[in-house]
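The values are calculated or read from the model by the stated rules, or taken from the named source; none is laboratory data. Keep in mind it's a predicted model, so treat the numbers as computed, not measured. Because the Cβ atoms are built from the backbone with ideal geometry, glycine has one as well, and the counts that use them run over all protein chains shown.
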2 protein chains.
Amino acid sequence: MKVARPEIRSFQPPVRTLMGPGPSDVPPRVLSAMARPTVGHLDPAFVGMMDELKSLLRYAFQTENELTFPVSAPGSVGMETCFVNLVSPGDKVIVCINGVFGQRMAENVRRAGGVLVIVEDPWGAPVDPAKVEEAFAANPDAALFAFVHAETSTGALSDAATLAAIARRYGALTIMDCVTSLGGVPVLLDAWGIDAAYSGSQKCLSSTPGLSPVSFSPAAVERIRARKTPCPSWFQDLSLVLGYWSGAKRTYHHTAPVNPLYGLHESLVMLAEEGLEAAWQRHRDNHLQLRAGLEALGLNFVVREDARLPQLNTVWVPEGIDEAAARTRLLQEFGLEIGAGLGVLAGKVWRIGLMGHSSRQANIALCLAALKTVIQR
Amino acid sequence: MKVARPEIRSFQPPVRTLMGPGPSDVPPRVLSAMARPTVGHLDPAFVGMMDELKSLLRYAFQTENELTFPVSAPGSVGMETCFVNLVSPGDKVIVCINGVFGQRMAENVRRAGGVLVIVEDPWGAPVDPAKVEEAFAANPDAALFAFVHAETSTGALSDAATLAAIARRYGALTIMDCVTSLGGVPVLLDAWGIDAAYSGSQKCLSSTPGLSPVSFSPAAVERIRARKTPCPSWFQDLSLVLGYWSGAKRTYHHTAPVNPLYGLHESLVMLAEEGLEAAWQRHRDNHLQLRAGLEALGLNFVVREDARLPQLNTVWVPEGIDEAAARTRLLQEFGLEIGAGLGVLAGKVWRIGLMGHSSRQANIALCLAALKTVIQR
């Protein structure tokens with residue numbers, strides 16, 4: 001053989017406490033579900049589970065949208081699925097940028113051939129509705145409007161209801177990134193009038209990374225059906241995916257990631273057992289407790305109080321602290337992962353996640369004690 | 001709440017024996033790996049595992065290609081990743097169609113804006129090198145050549161070495177689908193001169209579905225670097241993905257599917273333990289045994305003997321048998337999944353997989369006994 005057999009053994013991962021911007025701690029129930037026996041992706045039992053998944057996701061998103069399902073790939077693909085299906089070449093799209101994921105939305109619009117109108121806000125600030133209103137006044141022909149509900153790169157929460165209402169007044173459809181918000185703070189697709197939304201499995205749902213729940217309103221589906229050019233992506237073309245995820249006869253499209261879908265199903269069953277309101281309350285309560293501890297350590301929040309995500313706490317790294325060295329100590333000495341800054345915040349902030357199963361007392365206690373050790377001089 | 005909490009319990013899948021065209025049976029070692037504790041996608045321990053995965057995949061593909069890694073999505077995305085990166089609008093691409101997956105390759109070329117030249121062979125036949133030679137003679141300006149090594153829709157194996165040599169003579173790069181071949185029959189990327197290849201985790205590797213190992217030759221990487229238009233897909237843009245899967249500093253691109261990668265790693269460690277040659281031999285031996293049993297039952301193969309895939313046995317459904325009803329009986333009475341026909345073979349054939357962990361004595365015995373029951377009149 002040209003390439004020799006490598007001497008590599010089974011991988012035994014270390015046990016970590018995950019308090020970064022995702023993945024969050026995966027509860028044992030979900031890990032067990034991942035190890036259940038694999039069945040075929042067209043097995044009647046599996047198709048029944050897919051239907052349950054859609055119901056569970058409709059509850060999590062608070063929507064009656066028929067087209068609600070998990071894309072068989074990470075959140076970035078959920079994002080791209082929204083843009084490549086809804087944006088045709090030449091369509092004008094207003095995109096709000098207040099962090100990394102707004103930038104990525106803009107990049108998606110460019111690659112889909114859309115005409116981009118950017119609304120910018122400082123990193124760490126929520127999207128300013130007044131600027132969105134201005135952008136629409138100057139571009140009343142915009143067909144689509146896109147914003148990030150919970151900016152994972154900064155920890156800022158934007159006012160989705162107000163933003164979507166502006167778009168609706170101008171007759172534009174709204175695309176919302178709720179990767180980090182779903183399950184942690186209210187996400188009310190139908191009440192807010194969101195036309196397309198995508199999330200991730202590994203944030204407040206606390207499933208393993210790799211799946212992206214999405215939901216499309218009837219108006220979005222109508223727009224997709226009316227496309228004049230084919231979707232540039234075969235895999236993401238919703239007119240094809242639909243045949244597998246809905247309809248009387250399930251047509252083979254691609255082989256679904258069977259075991260990760262077991263995991264997502266289990267995490268959504270757990271969310272339904274707890275109840276959405278209780279989950280939101282837990283995230284708020286634990287945030288307040290962590291906040292008190294962080295402030296007692298002299299750490300300051302990047303985001304102003306009324307726009308802070310309870311599930312993602314971004315604080316300035318104190319002066320004189322080597323932020324990367326501190327995170328390495330947290331990982332090596334305490335098995336604790338917190339997040340670094342991205343983009344313009346790289347090297348300047350820490351992002352501390354309290355998402356899903358990570359949002360609990362024991363994690364807060366560990367995090368505060370460990371942080372105290374590494375920042376004391 | 002607008003959408004009420006659904007009353008849905010944990011999903012307990014039935015235990016099946018998977019002898020369709022994939023997924024194949026997942027061995028307990030791989031299922032256990034799926035349930036190991038989730039770590040962060042930038043954790044040093046995880047990055048070490050990623051490096052091991054690349055080595056293990058280079059062994060499986062028999063290549064020294066630096067750019068060898070698993071795409072974080074099913075095989076269809078591996079396919080699309082090859083086409084959206086290598087095909088620029090206007091590029092001429094010769095695509096061989098002898099089943100569903102050749103058709104899908106052609107569809108990918110169309111969506112990428114390529115100029116398509118189709119070489120057709122009957123379903124069930126391998127790709128005819130003489131027709132490929134003719135296509136190149138008529139289209140010496142073709143930049144790319146694409147074919148399916150092991151057609152999952154028919155069970156036919158094509159002569160990859162001969163086909164790739166023709167393309168090389170005409171200066172075209174070769175893209176090969178080895179979704180069903182990798183691990184079951186020889187796949188020798190470097191010896192054959194394949195420039196881009198994609199596979200799936202759920203066939204002869206016997207991991208869970210959802211990941212797509214890919215590999216790109218230096219010439220393919222050079223072609224990608226020389227692109228004048230950006231890759232239409234953000235997620236699949238290899239110039240971006242590269243920063244995460246290689247290089248000294250691993251840059252965040254997307255959140256990798258951590259636990260499924262544990263599973264793939266484990267399945268590749270098992271393949272290396274067995275050894276590639278031993279795995280190929282096992283697939284051949286078990287095929288011969290199944291073949292004898294199928295022929296004793298009076299079942300006839302669709303593919304001529306010298307082009308049969310040992311891991312995917314396609315037989316004509318005997319006259320007078322309701323093929324769907326027979327599969328339902330196999331599933332309900334024996335917990336056995338075999339595959340139906342696709343496309344022009346729908347309703348006419350069964351596809352019996354002996355892939356990876358499914359290629360073993362106990363499965364053959366079960367399959368033959370169960371088939372005998374449902375086809376006896």
Revision key, fill the gap. Reported set for the stretch B:1-14 where residues are surrounded by fewer than 13 Cβ atoms within 10 Å (Cβ to Cβ), over 28 Å from the mean Cα position of the chain (by Cα) and modelled with pLDDT of 95 or more is B:A4, B:E7, B:R9
Review point. How many of the residues making up the stretch A:77-91 are crowded, with 24+ Cβ neighbours inside 10 Å and of a type in the set (S, T, N, Q)?
Key: 2
Practice item. Among what's in the stretch B:33-53 and is farther than 17 Å from A:G210 by Cα and without any contact (Cβ under 8 Å) to a residue 60 or more places away in the chain, pick the residue that is nearest to the other protein chains (Cβ to nearest Cβ). Key: B:A45
Exercise for review: Take the residues in the stretch A:326-339 that are free of Cβ contacts under 8 Å to residues at least 60 places away in the same chain and surrounded by fewer than 21 Cβ atoms within 10 Å (Cβ to Cβ), then tell me which one is farthest from A:V26 (Cα to Cα).
Suggested key: A:A326
Exercise for review: Return a yes/no flag: does the stretch A:340-359 have any residue that is touching a residue at least 40 places away in the same chain (Cβ under 8 Å), surrounded by fewer than 22 Cβ atoms within 10 Å (Cβ to Cβ) and over 23 Å from the mean Cα position of the chain (by Cα).
Suggested key: no
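It is to be established whether one or more residues within the stretch A:309-318 are among the hydrophobic types (A, V, I, L, M, F, W, C) and assigned to a helix (DSSP H, G or I).
Looking through the stretch A:309-318, none of the residues is among the hydrophobic types (A, V, I, L, M, F, W, C) and assigned to a helix (DSSP H, G or I).
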Point to revise | Residue that is nearest to the other protein chains (Cβ to nearest Cβ), among those in the stretch A:54-67 that are more than 14 Å from A:A272 (Cα to Cα) and surrounded by fewer than 23 Cβ atoms within 10 Å (Cβ to Cβ) | key: A:E64
Practice item. Could you identify the single residue in A:I338, A:I352, A:I364 that is in contact with a Gly (Cβ under 8 Å, 6 or more places away or on another chain) and in a helix (DSSP H, G or I)? Key: A:I364
Revision key, fill the gap. Residue count, the stretch A:274-308, condition part of a helix (DSSP H, G or I), within 14 Å of chain B (Cβ to nearest Cβ) and surrounded by 13 or more Cβ atoms within 10 Å (Cβ to Cβ), comes to 5
Review point. How many residues are within 13 Å of B:A307 (Cβ to Cβ) and not in a strand (DSSP E or B) when one looks only at the stretch B:133-162?
Key: 7
Check your understanding: For the stretch A:94-132, how many residues meet the condition of being touching a residue at least 40 places away in the same chain (Cβ under 8 Å) and part of a strand (DSSP E or B)?
Key -> 3
Study note, to complete from the structure: When every residue in the stretch A:15-32 that is facing chain B (nearest Cβ under 7 Å) and buried (at least 19 other Cβ atoms within 10 Å of the Cβ) is compared, the one nearest to B:T328 (Cα to Cα) is A:L31
Review point. Looking at the stretch A:140-171, which of the residues that are hydroxyl-bearing (S, T, Y) and over 10 Å from A:I94 (Cβ atoms) is nearest to the chain's Cα centre (by Cα)?
Key: A:T152
